[in-house]
1. Considering 216, 147, which residue is part of a strand (DSSP E or B), out of contact with any His (no Cβ under 7 Å at 6 or more places or on another chain) and not assigned by the TED database to the domain that holds residue 106?
2. Please go through region 160-204 and give me each residue that is at pLDDT 95 or above, farther than 27 Å from residue 289 by Cβ and of a type in the set (D, E, K, R), ordered by number.
3. What number of residues within region 306-357 are open to solvent by 60 Å² or more (accessible area, probe 1.4 Å) and either within 30 Å of residue 166 (Cβ to Cβ) or modelled with pLDDT under 95 (or both)?
4. Would you mind finding the one in 316, 376, 371 that is out of contact with any Lys or Arg (no Cβ under 8 Å at 6 or more places or on another chain), of a type in the set (Asp, Glu) and not in a loop (DSSP other than H, G, I, E, B)?
5. How many of the residues in region 150-189 are in contact with an Asp or Glu (Cβ under 9 Å, 6 or more places away or on another chain), outside any loop (DSSP other than H, G, I, E, B) and open to solvent by less than 10 Å² (accessible area, probe 1.4 Å)?
6. Could you check region 333-356 and list, in sequence order, the residues that are outside any helix (DSSP H, G or I) and without any contact (Cβ under 8 Å) to a residue 40 or more places away in the chain?
7. I'd like to verify a number: residues in region 358-367 that are more than 16 Å from residue 167 (Cβ to Cβ) and surrounded by 12 or more Cβ atoms within 10 Å (Cβ to Cβ), how many?
Amino acid sequence: MTAQAGITTKVVPRIQDVPQALWDDKVARGHPFKSAAFLSCLEDSFPERKFGYLIVSQGADVVGLAVITEERLDLSLLLPEQVGTLTKGVRKVLPGFLSLGLGMVGTFETAERHWWYDAQRVSEHDFARALLAACDEVCGDAALLLVRDFMEALPEDVRLESWFLQRGFKQVANHPMAMVALDGLSSEAHFQRLKKKSRQNLRKKLKDAEALGFQVERVRDFRPLIDECYPLYLQVHEGASEFKRNPFPRAFFETIAERMPTTSSFLTLRDSAGHLIAFILTGTGGGINNPFCIGMDYARTEGTPAYYLMMWKEIEHAARTGCRVVDLGLTSYFVKQTVGAELEGMTMAARIQSAWLRPLLNPLLPALLSEKQPQERRKFRVSTFDDDSQPPTDQAA
């Protein structure tokens with residue numbers, strides 16, 4: 001514990017040691033899959049990962065919070081598949097081969113800012129300094145430190161990131177967030193505001209899904225489905241190309257079902273014969289709907305409108321439950337922009353922790369770690385004349 005200017009800081013190892021209602025309000029901001037309950041699920045699902053939670057106090061009042069993690073980053077996930085195969089063999093002899101210690105403000109499973117501080121009670125400088133000191137405490141052995149995520153549209157995030165950039169960090173680009181802002185709209189009203197080409201495309205996909213006899217169902221108590229769904233999740237995980245990480249263990253889904261029964265669900269997709277061919281784990285609460293992870297039987301869904309159908313069903317569910325935002329997460333931006341998602345840019349601050357390696361390797365970090373940014377497309381109508389009665393004039397995707 002440290003103290004300065006009336007401010008005290010401490011780092012605790014588990015989310016249960018943090019004021020959880022304050023965490024949900026200030027850091028998660030109502031997001032079900034950034035909540036204290038969700039973080040407890042992550043802690044138990046990844047016991048090899050080190051968690052630390054910064055608590056900044058002034059007297060009896062908590063005035064700042066953050067989550068910090070440390071784990072081994074598997075560099076083979078960032079390299080061609082042949083390298084990954086070779087790496088598995090080498091690791092039988094050298095377990096740490098092609099991996100490094102990664103310290104991070106945040107987690108791989110959550111996005112946007114992973115901290116909060118009361119700017120009326122603690123200065124930006126004091127909070128940032130406390131955050132960096134907490135990183136040193138939690139991630140003292142890490143070779144690389146990431147502070148994520150800074151939202152490009154928020155001036156306060158830009159200022160805080162600048163503090164880190166002035167202290168030896170380099171800015172790297174993260175994947176943007178795909179967000180559908182409903183703000184009280186029905187799903188039909190949202191559909192009608194999409195640009196004509198998107199409406200035509202989506203209408204056709206939904207009709208094709210109907211013709212195929214696809215059946216969707218929202219399942220609240222999804223524990224009996226985990227055995228059937230988990231292999232579908234692994235299929236998608238193994239095929240991921242844009243955002244690679246270690247898979248969730250099966251126990252993660254069981255823990256979510258047990259600890260978040262009112263805010264989590266499975267959206268299941270079955271074919272005309274009743275075979276389960278896809279599912280989405282979804283969190284809904286605090287005005288936010290988040291289709292979090294997906295599983296698919298590629299042999300049965302390839303070439304079908306399964307993904308479009310499920311994304312649209314999530315938007316319908318969000319509108320029906322009064323959600324103001326649908327958090328569609330990262331990657332697959334073409335489909336998500338087709339259904340009306342807008343992209344919100346995010347950056348991270350990265351630093352090599354070794355003082356003598358930093359001058360050599362730090363300049364390489366933006367090229368090594370920055371994610372390729374997707375093309376942004378127009379999502380919505382530009383005039384009241386953009387309707388389906390007019391022939392399409394824009395043939396671009």
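The values are calculated or read from the model by the stated rules, or taken from the named source; none is laboratory data. Predicted model, so just to flag it, every value in this text is computed and none were measured. Here Cβ is always computed from backbone atoms with ideal geometry, including for glycine, and neighbour counts include all displayed protein chains. Surface areas here come from the heavy atoms of the whole protein model, side chains and all, with no ligands, DNA or RNA. Shrake-Rupley method; radii C 1.70, N 1.55, O 1.52, S 1.80 Å.
1. 216
2. 161, 170
3. 4
4. On the way: 376 fails: not in a loop (DSSP other than H, G, I, E, B); 371 fails: not in a loop (DSSP other than H, G, I, E, B).
316 is the lone residue from the list that is out of contact with any Lys or Arg (no Cβ under 8 Å at 6 or more places or on another chain), of a type in the set (Asp, Glu) and not in a loop (DSSP other than H, G, I, E, B).
5. So the count comes out to 7.
6. Taking region 333-356 first, the residues outside any helix (DSSP H, G or I) are 339-356.
Once the filter is applied, which keeps residues that are outside any helix (DSSP H, G or I) and without any contact (Cβ under 8 Å) to a residue 40 or more places away in the chain, region 333-356 yields 355, 356.
7. Keep residues of region 358-367 that are more than 16 Å from residue 167 (Cβ to Cβ), which gives 360-361, 364, 366-367.
Retained after the next criterion (residues that are surrounded by 12 or more Cβ atoms within 10 Å (Cβ to Cβ)): 361, 366.
The total comes to 2.
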